[in-house]
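Okay, so here's the structure we're looking at.
The values are calculated or read from the model by the stated rules, or taken from the named source; none is laboratory data. In this text the structure is predicted, and so the values were computed from the model without any measurement. All Cβ positions, even for glycine, are placed from backbone atoms using ideal geometry, and neighbour counts span all protein chains on display.
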Amino acid sequence: MTTYYTEEHEWLEVEGDTATLGITKHAAEALGEVVFVELQEAGETFDKDDEIGVVESVKAASELYAPLAMEVLEANGALEDNPSMVNEDAEGNAWFYKIKISDTSELSNLLDINAYKALID
Amino acid sequence: MSEPRKTPLYDLHVELGGKMVDFAGWMMPVNYTAGVAAEHKQCREKAALFDVSHMGQVELRGENVAQKLETLCPSSFQPLPAGKARYTFFTNPQGGIMDDLIVANAGDHHFVVVNASMRDQDIAHMRTLDIEVTELARALIAVQGPAAEAIVAAHAPIAAELTFMQTAIAEIAGVEVRISRLGYTGEDGYEISIPEENVVEICRLLLTHPDLEPAGLGARDSLRLEAGLCLYGNDIDNDTSPVEANLNWAMQKKRREEGGFPGAERIQRELAEGPSRKLVGIKPEGRAPARRGVEVADEAGNIIGSITSGGFGPTYDGPVSMGYVSTAHAAEGTSVNLIIRGKPRPATIIKLPFVAQNYKR
């Protein structure tokens, strides 16, 4: 399993051509208390940079974008019922999607942990 | 743009973990380490300390100041007794609102507090009157919440004797300050005008009280929104009239009837015939916040207005919005749709506020 990051502060834990996707702890802290999450449904397919969800905090609304071409296998419905999970465990239980990656060669465009750390420092 | 200015409390904000942002040309804390929701609840349940030194504090002196101010504002100042403050606004010749402000009769002068972004405009505007207008270099803090009286009166006992909208000179730790029992959160509390060189020590002293914590602009905004209080530039501006904005209460009867203020023609017409649109509370169903700019549609899909302020209310525990809708759709209980990210979402017109105001009358 390899974990990738994006400049949009998302993380992807990849295993073969599937991945778990969420927003980083850094992003959750910057957003402040998350009060609303809206997700897409399983079976939907997206191109890179398509909007795949909305996260709203007490401060602002921000959109979640597809880091690469993907299909939603499962959405984490628990987040819609309990949005504060994002603040509590952004890189664990508060994952947003299980996805199928359409073309794994796109992973080479993403950041590794060191590149992401350099970005947020 | 020039470099944002800092209030005398800047270093204390940073020390307390304030996340500093440029607001109306001032570096101000949007929140501290506790976060917006916790700071909001702290204010509703105990008390919160806000730095509002970015607002303009002005002294007016001269002959017949009250009478002259009435030529710029639709409120009555001549009957306002010494020691009493009043909410008002400058109107423009078209009956819109140039800014909202607090005017206090301080006995031998009038004391005025105006919005940070409107300081220069408002001071120039008051200088058109034949009076002496002095901008004060003083800090202003707000102590707001049910514990505010105990916290402030521990140092300045007179604070406990003031009622809502009363103001007095007092001493805190040997420093002369002006304490006014008012605020912008819907809670009981005070705004305290303090010499710049003493404000840090006084804030540190007040913060030794276990029920007082600092709160930033984020909580200030969610608190005032739940309390149904207008934000200049969002909910009221040069196009909106006081009648549309439900501010008739700030225009005393004599002034409404006699006119004699800028824009009286439109304001008196709207008072007689009703305005074409009204500022209302809008409660989104579900959990999705509806923020500024979201369009409001009737059930047939016609656009009837838009949201001017909206977000999440931590005490209300749900999304809260306010905005203008055409008068035909402004009745309490009317079902509307909010167009959020292209999708209509149901909402209901409610009577403001979302959270009851808790003033000491």
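Would you mention how many residues in the stretch A:47-105 are assigned to a strand (DSSP E or B) and among the acidic types (Asp, Glu)? Write out each step before concluding.
Looking only at the stretch A:47-105, we keep the residues that are assigned to a strand (DSSP E or B), and these are A:51-57, A:61-65, A:70-75, A:97-101.
From the residues that got through so far, the ones that are among the acidic types (Asp, Glu) too are A:51, A:56, A:63, A:71, A:74.
So the count comes out to 5.
Quick one: which of B:66, B:82, B:34 is of a type in the set (Gly, Ala, Ser), part of a helix (DSSP H, G or I) and assigned by TED's automatic domain parsing to the domain that holds residue B:189?
Numbers: B:82 fails: part of a helix (DSSP H, G or I); B:34 fails: part of a helix (DSSP H, G or I).
Of the residues listed, the single one that is of a type in the set (Gly, Ala, Ser), part of a helix (DSSP H, G or I) and assigned by TED's automatic domain parsing to the domain that holds residue B:189 is B:66.
Please indicate, with yes or no, whether at least one residue in the stretch B:122-141 is surrounded by fewer than 20 Cβ atoms within 10 Å (Cβ to Cβ), within 19 Å of the chain's Cα centre (by Cα) and not in a strand (DSSP E or B).
yes
Looking at the stretch A:8-20, which of the residues that are in a loop (DSSP other than H, G, I, E, B) and in contact with a strand residue (DSSP E or B) (Cβ under 7 Å, 6 or more places away or on another chain) is farthest from the other protein chains (Cβ to nearest Cβ)? Write out each step before concluding.
To start, the set of residues in the stretch A:8-20 that are in a loop (DSSP other than H, G, I, E, B) comprises A:8-9, A:16-17.
If we keep only those that are in contact with a strand residue (DSSP E or B) (Cβ under 7 Å, 6 or more places away or on another chain) too, we end up with A:8-9, A:17.
Values: A:8: 17, A:9: 17, A:17: 30 Å.
Across the stretch A:8-20, the extreme among qualifying residues is A:17.
Identify all residues within the stretch B:287-320 that are in a strand (DSSP E or B), without any contact (Cβ under 8 Å) to a residue 60 or more places away in the chain and touching an Asp or Glu at 6+ places or on another chain (Cβ under 6 Å); write none if there are none. Full working, then the answer.
Taking the stretch B:287-320 and keeping what is in a strand (DSSP E or B), we get B:295-297, B:303-313, B:318-320.
Retained after the next criterion (residues that are without any contact (Cβ under 8 Å) to a residue 60 or more places away in the chain): B:295-297, B:303-307, B:318-319.
B:303, B:304, B:306, listed by residue number.
Tell me the residue from B:115, B:105 that is closer than 27 Å to residue B:143 by Cβ and under 17 Å from the mean Cα position of the chain (by Cα), please. Can you show your working first?
Values: B:105 fails: under 17 Å from the mean Cα position of the chain (by Cα).
Being closer than 27 Å to residue B:143 by Cβ and under 17 Å from the mean Cα position of the chain (by Cα) holds for just one of B:115, B:105, which is B:115.
Taking the criterion of being on the phi > 0 side of the Ramachandran plot, at pLDDT below 95 and away from chain A (no Cβ under 14 Å), would at least one residue in the stretch B:51-65 satisfy it? Let's see the steps before the verdict.
Going through the stretch B:51-65, the residues on the phi > 0 side of the Ramachandran plot turn out to be B:62, B:64.
This time we only want the ones that are at pLDDT below 95, so: none.
Scanning the stretch B:51-65 turns up no residue that is on the phi > 0 side of the Ramachandran plot, at pLDDT below 95 and away from chain A (no Cβ under 14 Å).
Kindly indicate whether any position in the stretch A:21-33 is in contact with a Leu (Cβ under 7 Å, 6 or more places away or on another chain), assigned to a strand (DSSP E or B), away from chain B (no Cβ under 11 Å) and farther than 29 Å from residue B:309 by Cα.
So far as the stretch A:21-33 goes, yes, one or more of its residues are in contact with a Leu (Cβ under 7 Å, 6 or more places away or on another chain), assigned to a strand (DSSP E or B), away from chain B (no Cβ under 11 Å) and farther than 29 Å from residue B:309 by Cα.
Would you check if residue A:50 is surrounded by fewer than 21 Cβ atoms within 10 Å (Cβ to Cβ), within 14 Å of another protein chain (Cβ to nearest Cβ), over 12 Å from the mean Cα position of the chain (by Cα) and modelled with pLDDT under 95?
no
Cβ-Cβ under 6 Å, sequence separation 6+ or interchain: first residue in the stretch B:125-140 and closer than 19 Å to residue B:180 by Cα, partner in a loop (DSSP other than H, G, I, E, B) and of a type outside the set (A, V, I, L, M, F, W, C). Which pairs?
Sorted first by the residue in the stretch B:125-140, then by its partner, the pairs are B:139/B:8; B:139/B:53; B:140/B:53.
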